[in-house]
Amino acid sequence: MAEEKISELKRRVDEQRKALGSLAESLEGEDRFKDLRERVEKPCEALRFLAAGVSGEGFVLSWTETRQLFLQYLEFKRYEPANARNMLNYLDRFVKEPIKEPLDVMRVFSPLTAGQRHHLNRALRAWFKCLEINRPNGQFKGFLDGLRKAIPKDEVGIDIKIPEETQIVSDLKRIRNDPLPYQVAYNLLLDSGLRLVEVAKLLSDFPETERMEGFYRCPVGLFRGSKQAYYCYLTEYTFQLIQKLKEKVDRASIQKWHQNHNYTRPKYLRKFANDMITSERLNVPESVADFIQGRVPRSIGAKHYMRLKRKADQFYPRYAEYVTELRRRVEVPEA
């Protein structure tokens, strides 16, 4: 039975290659069709390898043979470029030998640090998902599921660290003397409570912003799997800084600046914002805080979405006033 399935898979791959060959011959000389042929033939070769890897001993996965297929998967799934490069880098560095069984996965992870395991965990799972989608077969899925169980879980647990207010005040005092792009990025992270990837997207091409009562609001519309952000809420101060910004700011440079100058990291600014917004002092409902910070499902119903938007507009001024007060305490000049 297994041999019949292998033969059928090989036959289908050969048919695709022949069809592409005929198309290329009829359109010879046109570069765009040559490129099309190359882009489709490589996944076919990868699938041919998967079929050839089936024997009495099971399946065999080769990263080098399927790398191009995975690269196209990342493009089609619209992975954030920095994240995609990171996954490719980790797979290139650590998956050197073919994977035939769960023990091979364990050997890959065995010498790695906790941080390296964290990144390779995500890269390997994405690669397995790519292969599963491109070879829909029950036995193959079972094989991949076995490999997934061998991937070690992250050791870090839940990060409960939340910055103290004094730390944020210290940041605000120092950041006002830094280059404008980094002032803008820090203040927008603090105002909005959004993720770094979302703030970087906004600063690369800031959208039209609507002035509200005591704050500003602009659309984000960035949806990535379970991570969604509908709007960015910001203060008058940060809006005026953005108006002065004449250059684009990318994610990597923001991250590097925070690390090199010992500022609160973006993910902790997000935690600080959430903790303060939902504190007894401001008393904003958690569901509203989730909407402001982009934790609401993309599939949210229209009625519920409109209710949360109205509530966010109603409650955000409380947090905007709080952040404005922090800036007053360090005598931050008007933007």
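A few comments on the model shown:
- Single match in Pro163, Pro136, Pro179 (criterion: surrounded by 15 or more Cβ atoms within 10 Å (Cβ to Cβ) and not aliphatic (A, V, I, L, M)): Pro163
- Pairs, first free of Cβ contacts under 8 Å to residues at least 60 places away in the same chain in region 112-137, second aromatic (Phe, Trp, Tyr) and part of a helix (DSSP H, G or I), C-beta under 6 Å, six or more apart: Arg117/Phe109; His119/Tyr90; Leu120/Tyr90; Leu120/Phe94; Ala123/Tyr90
- Filtered residue count, region 95-117, keeping only those that are under 28 Å from Asp250 (Cα atoms) and either in contact with a strand residue (DSSP E or B) (Cβ under 6 Å, 6 or more places away or on another chain) or surrounded by 13 or more Cβ atoms within 10 Å (Cβ to Cβ) (or both): 2
- Residue check for Val60: touching a Ser or Thr at 6+ places or on another chain (Cβ under 9 Å) and surrounded by 14 or more Cβ atoms within 10 Å (Cβ to Cβ): no
- Every residue from region 200-218 that is of a type outside the set (Lys, Arg), over 19 Å from Tyr319 (Cβ atoms) and free of Cβ contacts under 8 Å to residues at least 40 places away in the same chain: Phe206, Pro207, Glu208
- Taken over region 166-176, the criterion of being surrounded by fewer than 19 Cβ atoms within 10 Å (Cβ to Cβ) and either outside the structural domain of Lys267 (by TED's automatic domain parsing) or part of a helix (DSSP H, G or I) (or both) is satisfied by Thr166, Gln167, Val169, Ser170, Lys173, Arg174.
- Scanning region 100-149 for residues being within 27 Å of Glu80 (Cα to Cα) and not in a helix (DSSP H, G or I) gives a total of 4.
- Any chance Tyr263 is of a type outside the set (Val, Ile, Thr), assigned by TED's automatic domain parsing to the domain that holds Gly193 and farther than 17 Å from Arg176 by Cα: no
- Yes/no for Asn187 being without any contact (Cβ under 8 Å) to a residue 60 or more places away in the chain and buried (at least 20 other Cβ atoms within 10 Å of the Cβ): yes
- Once region 251-270 is narrowed to residues that are within 13 Å of Ile168 (Cβ to Cβ) and hydroxyl-bearing (Ser, Thr, Tyr), the residue that is surrounded by the fewest Cβ atoms within 10 Å (Cβ to Cβ) is Tyr268.
- In region 271-302, residue surrounded by the most Cβ atoms within 10 Å (Cβ to Cβ) [restricted to those that are within 20 Å of Glu164 (Cβ to Cβ) and among the small types (Gly, Ala, Ser)]: Ala273
The values are calculated or read from the model by the stated rules, or taken from the named source; none is laboratory data. The shown structure was predicted, so the numbers you read here are calculated from the model rather than taken from an experiment. Backbone-built Cβ (ideal geometry, glycine too); neighbour counts: all protein chains shown.
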